[in-house]
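Novice: Quick one: the structure is below, and I'll ask about it shortly.
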Amino acid sequence: MYQSPRRLCSALLTRDAPGLRRRSPAPGLRRLSPAPTAAPRPASPRLLAAAPAALSAAWTQSRTVPSMGNGTSRLYSALAKTLNSSAASQHPEYLVSPDPEHLEPIDPKELLEECRAVLHTRPPRFQRDFVDLRADCPSSHPSIRVMQWNILAQALGEGKDNFVQCPVEALRWEERKCLILEEILAYQPDILCLQEVDHYFDTFQPLLGRLGYQGTFFPKPWSPCLDVEHNNGPDGCALFFLQNRFKLVNSANIRLTAMTLKTNQVAIAQTLECKESGRQFCIAVTHLKARTGWERFRSAQGCDLLQNLQSITQGAKIPLIVCGDFNAEPTEEVYRHFASSSLNLNSAYKLLSADGQSEPPYTTWKIRTSGECRHTLDYIWYSQHALSVRSALDLLTEEQIGPNRLPSFNYPSDHLSLVCDFSFNEEPAKLL
């Protein structure tokens, strides 16, 4: 295992800042680099040393979170409650969503430092840059940052997925959780769309709730996580949005059907209203059926989701963003359904290619007992008549990923996160 006397800090990415350095990765594209920051601070053993003694006390508190003091002590309390993966089953009261009014806010920068302290023996997280995709059309309102990510269910990572080149130590939840949080905190999404979430109630809902997010979780009816010994419950899709930026107008949990049959795959679709501009849009997250041989099944699920979204968006009157692990390459029928839908959708990450028409070469790269898998399966679709992509986070290079592929000590999932900044078009074009 890689050892380091201190963990190198990655800068919080500052968007739309005048000091950002730009260079051209391809004709017409500009890459946004993070602004320089102060030198990293030495890792603190505070969390690791205090964790064993504090865990039992943290989990025997009442469901209402009391005042925990200032600074790092209350941050530690928030993290400590999520360190034991079996604690939720021992204390079912934590499976109930707490009242947001009783959640003490925490500073994301401080929480990021706490995560890095836990991770101080691991190599630094990979550097990724935002690529500027603006066509010199300024927007009068702040952009909307959306993150799409299959974070890898903990039960599947440890029990079923057989990542033969990934050390078992790299999959330990106590640290892998902090890598996931570090990725989220570093890019500061306004909206977060996740798949394979099996630690919603004991980790993501309480921590992200204290960071100002409102969350919704929809588990799979027959989650494969439940087949794994010492699991933490079913996995599913989760959708979070910042409450200071958006108001929830409508929410729908969708159990996808295929050939009139209800399936094990789900979606969440929410209509949000921007508090600053008053404009509404729909955000959806899904995770379609995996495995080769299920192409027609995925196609049917995609058609069902499109039909639901057609109704929710009132026939594309409401702008739409769809995030998901589609488990489908661009050559599959379900991809073509979305690309040719009457909802007038475009895939955001195509815009990173030189011609603007090609998907990335991969969004997941792993080695299992069956061999090496390198595929493009994850997408962010958007209403191109009403929305524009201002920037997109570039993917990790093959060199960064390394010969053992994903997940790894550097990266917590076998799927890469996708992050885009969207803005409303000032005068939405009419549908053709």
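The values are calculated or read from the model by the stated rules, or taken from the named source; none is laboratory data. Computed from a predicted structure; not experimentally measured. Virtual Cβ from ideal backbone geometry, glycine too; neighbours counted across all protein chains shown. Surface accessibility is based on the protein's heavy atoms, side chains included, excluding ligands, DNA and RNA. Shrake-Rupley method; radii C 1.70, N 1.55, O 1.52, S 1.80 Å.
Novice: More than 17 Å from residue 306 (Cα to Cα) and open to solvent by less than 20 Å² (accessible area, probe 1.4 Å): is that true of residue 369 in this structure?
Specialist: No.
Novice: Collect the residues in the range 92-119 that are at pLDDT below 95, in a loop (DSSP other than H, G, I, E, B) and open to solvent by less than 40 Å² (accessible area, probe 1.4 Å), keeping them in residue-number order.
Specialist: Result: 98, 103, 106.
Novice: So which of 145, 74 is modelled with pLDDT of 95 or more, outside any loop (DSSP other than H, G, I, E, B) and more than 19 Å from residue 412 (Cα to Cα)?
Specialist: Matching residue, one of 145, 74: 145.
Novice: Provide a single number: the residues in the range 120-139 that are part of a loop (DSSP other than H, G, I, E, B) and aromatic (Phe, Trp, Tyr).
Specialist: Count: 1.
Novice: Which of the strands (runs of 3 or more DSSP E) contained wholly in the range 323-432 include at least 1 residues that are free of Cβ contacts under 8 Å to residues at least 12 places away in the same chain?
Specialist: 371-375
Novice: I'd like to verify a number: residues in the range 120-173 that are out of contact with any Asp or Glu (no Cβ under 6 Å at 6 or more places or on another chain), among the charged types (D, E, K, R), surrounded by 18 or more Cβ atoms within 10 Å (Cβ to Cβ) and under 30 Å from residue 282 (Cα atoms), how many?
Specialist: Residues meeting the conditions: 1.
Novice: With respect to residue 183, is the statement that it is assigned to a strand (DSSP E or B), out of contact with any Cys (no Cβ under 7 Å at 6 or more places or on another chain), among the acidic types (Asp, Glu) and under 19 Å from residue 146 (Cβ atoms) true?
Specialist: Judged against the criteria, residue 183 is not a match.
Novice: Show me the strands (runs of 3 or more DSSP E) entirely contained within the range 202-302 in which 3 or more residues are surrounded by 23 or more Cβ atoms within 10 Å (Cβ to Cβ).
Specialist: Because the criterion is at least 3 residues that are surrounded by 23 or more Cβ atoms within 10 Å (Cβ to Cβ), the strands (runs of 3 or more DSSP E) in the range 202-302 that meet it are 236-242, 261-274, 280-287.
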